[in-house]
Amino acid sequence: MKHWDKFEAVNIYINAPEVDTFRSNPELKSLTLTHNDLSDLQPELFLPIPNLEKLDLSKSELKSLDFLVQANLTALRYLKLTNNEITVINEEVLSSLPSLTYLDMSINTFTCDCSNADFIQWIKNNNQTQVVNAHRYKCFFPMNKRGTLLLDFDIKPCSNDGSFLHFLSSSSLVFLTLLTSFIYHFLRWQLAYTFHLFLAIPKLEILDLSESKLKSLDFLVQANLSALRYLKVTDNGINVVNETVFNSLPSLTYLDLSNNPFTCECSNADFIFWTKGNIQTQV
């Protein structure tokens, strides 16, 4: 591979390639990895190939593009991600690809709510990147918008009419992050006893408590987070999720519980059943 500028692997990988796969081929310009399971793809895979210009990861069971933020693909011009399970595209992802001129994300499971407001606005306003068939992208979440068009989602309520609402929302999130960090690092309280923290912010929509040494989500039952749409609690010590927890989050459309030590017994039967049967929340 040392002098190759193009590499293709179709229906070969059952897991993402090892991060040193392309270490001896820094001049690689075109990479195609399709019909593979790349759900555990790491950004380090791309670091040895900073000159990559074309990337096709279609039909690869991708659920997120966050790996691109740290992939250092500043030369990438062409990106094809069709037939995956991508729901939300963060602003950081778009900002990390300054040379992008072609993007195809047809047939993905887009979430049509404010979490995709930046992506929708970027599609409509950017003059550099051709987003192929963007006018046909359809909503998959939440259920009441399934089948409608992504670009028809009204993002005006997601922003504010004078920036004051945005300031308040941002301030609330910053305050929440700082206060939670303070409680954990200095007071060593258990979150199970701090549901009162969330009672002050009932309109909270996005909550990330990753790597927080949580052992239970029971505190959410009394937290009154009925507006919460996005919940990320990866890399914690959670082993059982009670039915009352997800019943207390009626607006939830995105849940990430990756890298938790789940108990596989009847105590998790309700959670397993809910994960398989619910049609509103992407787990």
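Any idea which residue in the range 223-252 is surrounded by the most Cβ atoms within 10 Å (Cβ to Cβ), counting only those that are more than 15 Å from residue 283 (Cβ to Cβ) and β-branched (Val, Ile, Thr)? Result: 240. Residues that are part of a helix (DSSP H, G or I) and either over 19 Å from the mean Cα position of the chain (by Cα) or not hydroxyl-bearing (Ser, Thr, Tyr) (or both) occur at least once in the range 102-115. For the range 1-38, residues that are of a type in the set (Ser, Thr, Tyr), surrounded by 15 or more Cβ atoms within 10 Å (Cβ to Cβ) and at pLDDT below 95 total 2. Taken residue by residue, the range 33-42 has no member that is farther than 24 Å from residue 111 by Cα and hydroxyl-bearing (Ser, Thr, Tyr). Count of the range 218-228 residues, restricted to those that are touching a helix residue (DSSP H, G or I) at 6+ places or on another chain (Cβ under 7 Å) and either outside any loop (DSSP other than H, G, I, E, B) or under 21 Å from residue 64 (Cβ atoms) (or both), is 4. Taking residue 30, is it among the hydroxyl-bearing types (Ser, Thr, Tyr) and touching a helix residue (DSSP H, G or I) at 6+ places or on another chain (Cβ under 8 Å)? Against the criterion (among the hydroxyl-bearing types (Ser, Thr, Tyr) and touching a helix residue (DSSP H, G or I) at 6+ places or on another chain (Cβ under 8 Å)), residue 30 does not qualify.
Listed by first and then second residue, the pairs with beta-carbon distance under 8 Å, at least 6 apart or on different chains, first residue in the range 262-280 and within 18 Å of residue 231 (Cβ to Cβ), second hydroxyl-bearing (Ser, Thr, Tyr) and surrounded by 13 or more Cβ atoms within 10 Å (Cβ to Cβ), are 280/253. Assess whether residue 70 counts as being closer than 25 Å to residue 259 by Cα and without any contact (Cβ under 8 Å) to a residue 40 or more places away in the chain. Yes. For the range 81-107, the candidate set comprises residues that are among the polar types (S, T, N, Q) and under 20 Å from residue 252 (Cβ atoms); within that set, the residue that is surrounded by the fewest Cβ atoms within 10 Å (Cβ to Cβ) is 90.
A quick yes/no check of all residues on (1) exposed (fewer than 13 other Cβ atoms within 10 Å of the Cβ); (2) under 24 Å from residue 59 (Cβ atoms); (3) modelled with pLDDT under 95:
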position: 129; (1), (2), (3): no, yes, no
position: 134; (1), (2), (3): no, yes, no
position: 138; (1), (2), (3): no, yes, no
position: 141; (1), (2), (3): no, yes, yes
position: 144; (1), (2), (3): yes, no, yes
position: 150; (1), (2), (3): no, yes, no
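In this structure, is residue 92 among the charged types (D, E, K, R), within 16 Å of the chain's Cα centre (by Cα) and not in a loop (DSSP other than H, G, I, E, B)? Criteria met by residue 92.
Can you pull out the strands (runs of 3 or more DSSP E) entirely within the range 2-65 that have at least 1 residues that are free of Cβ contacts under 8 Å to residues at least 60 places away in the same chain, within 30 Å of residue 115 (Cα to Cα) and in contact with a strand residue (DSSP E or B) (Cβ under 8 Å, 6 or more places away or on another chain)?
Strands (runs of 3 or more DSSP E) meeting the threshold: 30-34, 54-56.
Checked against (1) of a type outside the set (Asp, Glu); (2) modelled with pLDDT of 95 or more; (3) in contact with a helix residue (DSSP H, G or I) (Cβ under 6 Å, 6 or more places away or on another chain), residue 158 passes all but a single condition, namely (2).
The values are calculated or read from the model by the stated rules, or taken from the named source; none is laboratory data. Predicted, not measured: the structure shown is a model, and the values here were computed from it. In this analysis, Cβ positions are derived from the backbone assuming ideal geometry, glycine residues included, and neighbour counts consider all displayed protein chains.
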